[in-house]
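K.L.:
This is the structure I want to talk about, given as structure tokens.
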Amino acid sequence: MKKVLLIVPPTGKWMREDRCESPPNSTIWSVNRPPTRLAQAAAILITASYECKIIDCPSENKGWKDLKKELQAFNPDILFVSTVKKTIEKDIYACLMAKSYNNSVLTILKGSPFSKEIETLEKYKELDIFLTREIDWSLLSVLSRDNLNKINGIAYKENNNIIKTPPAGFENKLDTLPFLARGLLKNELYLRPDTMEPFAIILTTKGCPFRCTFCPVHINTGNKFITRSPKLIVDEIEECEKKFGITNVLMGSEVFSLDKKWTFEVCNEIINRGLKVKWSCSSRVDLLNYEIACKMEEAGCFAINLGIESGNQESLDKTNKCFNLAQAVEAVKILKKTKIRTYLYYMIGFPWETRGMIKKTIDFALKLDGDISDFYLATPLPETKFFTDAKENNLLLKNTDKSSYDYRFNNPHLTYQEIRKLQRYAFWKFYMRPNYIFRTAISIRSPRIIFRLFKMVLKNLYSILLFQH
């Protein structure tokens, strides 16, 4: 039986789940999420009798010395490393460490579709395979090195040559994937910030038909909206509750309420089984109405994440959000009529935005008064229209080594530091309101949780005040 060690290296709590590569402490409500990429890979490998172990070093507070001990003790045949663009240079050290103990160990790096696979393989002899495709059943062929040239979405070394296959298509048969290998995770480390209870992420849909200019979802999971069977979704939720004692769930979906009929089916499946699960999801302001909100609340939905993005119609139009400010106001009103909490997200600092436009977004956030509001810096991620436009207009900033583009860009109206200050101002303005603090405090019954929640907010707010990309 071959042994596979799947790891998140000790290089920070970055979001490593393909679409988002958010840095640690980039916003107040940075949630420590379970490594679903690794848990999905392990679940597939276990079906083929591989022995798997998952180590999430940042979440488990393990450093390189701890990882060294784990490598020596487990002695894997295969090392599977989850990476993001910003940490590749450091993550590779795990491959070097593994090779130093066993030169025959197969080292695999899993990154996003816009990773620089060939350059990375050329630079580091310790790396054998760079995987950018989705985690699906092709992983078994990758690990067995069976006809690698026929597997799209990978780059690998063969006879001192580096071979890159064409980009991979997208997995459409979600019902064929096994449940995540949650038994290999330390589930108690991944907590809802408001209740400090363990939560799980359940794959429910994939893809998004909308084409927001800043979003790379079309590169990672495609523009075709694909749903998973409501029965299988709730089967996995039930497993979380009965096997792992997890009753809090994040429904993994870009637009959970896009297909109303399917959404009702999922909700009714939960209701009919009498599950007491509490769950949240992501949607859009133009995909909600009172009827569906009530059904979701009945099924245990406690929060919906909405990308409001801006308080300026001009910014919404230029980013191709395809809704207006009035729809955002109406959606929040609908949710406030129920007991569903509103988690609202904004982006500031687009190339056309002035100080006045950004302050309008902050004022709009205060008007909507979500239960949680996060303010992100507009970021031109590779392969997005935002990135292409910024590059064509010479707005992208270079990395310090001048070898590649960074995620930052020049705003003709404001310096990067000025935009950062406006972001800090937005957080302070929203969260330091006495009425917000009072409302949040009385909504939580446990003094212990109130203390931990505000400790976390203050800690993360302080980190944001100091944080530099």
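K.L.:
Does any residue of region 316-333 turn out to be modelled with pLDDT of 95 or more, open to solvent by less than 10 Å² (accessible area, probe 1.4 Å) and acidic (Asp, Glu)?
P.N.:
No - not one qualifying residue is present in region 316-333.
K.L.:
Another question, then. For region 37-49, what are the residues that are modelled with pLDDT of 95 or more and buried (at least 19 other Cβ atoms within 10 Å of the Cβ)?
P.N.:
Answer for region 37-49, where residues must be modelled with pLDDT of 95 or more and buried (at least 19 other Cβ atoms within 10 Å of the Cβ): Leu38, Ala39, Gln40, Ala41, Ala42, Ala43, Ile44, Leu45.
K.L.:
Identify the single condition in (1) part of a helix (DSSP H, G or I); (2) buried (at least 17 other Cβ atoms within 10 Å of the Cβ); (3) touching a helix residue (DSSP H, G or I) at 6+ places or on another chain (Cβ under 8 Å) that Asp175 does not satisfy, given that it satisfies every other one.
P.N.:
(2)
K.L.:
Kindly list, by first and then second residue, each pair from a residue in region 107-129 that is farther than 27 Å from Asn75 by Cβ and of a type in the set (Phe, Trp, Tyr) to a residue that is in a loop (DSSP other than H, G, I, E, B) and open to solvent by less than 30 Å² (accessible area, probe 1.4 Å), limited to pairs with Cβ atoms under 7 Å and residues at least 6 apart or on different chains.
P.N.:
If the second residue must be in a loop (DSSP other than H, G, I, E, B) and open to solvent by less than 30 Å² (accessible area, probe 1.4 Å), the pairs left are Phe114/Pro382.
K.L.:
While we're here: What's the number of the condition Gly169 fails, among (1) open to solvent by less than 20 Å² (accessible area, probe 1.4 Å); (2) assigned to a loop (DSSP other than H, G, I, E, B); (3) under 26 Å from Arg133 (Cα atoms); (4) of a type outside the set (D, E, K, R)?
P.N.:
(1)
K.L.:
Same structure again: If you check every pair at least six apart or on different chains, which have Cβ atoms under 9 Å apart with a residue in region 267-288 that is more than 21 Å from Ile201 (Cβ to Cβ) first and a residue that is open to solvent by less than 20 Å² (accessible area, probe 1.4 Å) and of a type in the set (Ser, Thr, Tyr) second?
P.N.:
Within 9 Å, the pairs are Leu288/Ser257.
K.L.:
Given the condition part of a helix (DSSP H, G or I) and either more than 19 Å from Ile304 (Cα to Cα) or open to solvent by less than 40 Å² (accessible area, probe 1.4 Å) (or both), answer yes or no: does some residue in region 243-257 qualify?
P.N.:
For region 243-257, residues part of a helix (DSSP H, G or I) and either more than 19 Å from Ile304 (Cα to Cα) or open to solvent by less than 40 Å² (accessible area, probe 1.4 Å) (or both): present.
K.L.:
I'd like the full set of residues that are within 23 Å of Ala328 (Cα to Cα) and β-branched (Val, Ile, Thr), limited to region 248-285.
P.N.:
Once the filter is applied, which keeps residues that are within 23 Å of Ala328 (Cα to Cα) and β-branched (Val, Ile, Thr), region 248-285 yields Val255, Thr263, Val285.
K.L.:
Within region 258-301, track down each residue that is open to solvent by 30 Å² or more (accessible area, probe 1.4 Å), of a type in the set (A, V, I, L, M, F, W, C) and under 27 Å from Thr221 (Cα atoms).
P.N.:
Within region 258-301, Leu258, Phe264 meet the criteria.
K.L.:
For region 195-239, name all the residues that are open to solvent by less than 10 Å² (accessible area, probe 1.4 Å), more than 27 Å from Gly183 (Cα to Cα) and part of a helix (DSSP H, G or I).
P.N.:
The one that is open to solvent by less than 10 Å² (accessible area, probe 1.4 Å), more than 27 Å from Gly183 (Cα to Cα) and part of a helix (DSSP H, G or I): Val217.
The values are calculated or read from the model by the stated rules, or taken from the named source; none is laboratory data. Note that the coordinates shown come from a computational prediction; the quantities given were computed from them, not determined experimentally. Every residue, glycine as well, gets a Cβ built from its backbone with ideal geometry; the counts of neighbours run over all protein chains shown. Keep in mind that these areas ignore ligands, DNA and RNA; they rest on the heavy atoms of the full protein, side chains included. Shrake-Rupley method; radii C 1.70, N 1.55, O 1.52, S 1.80 Å.
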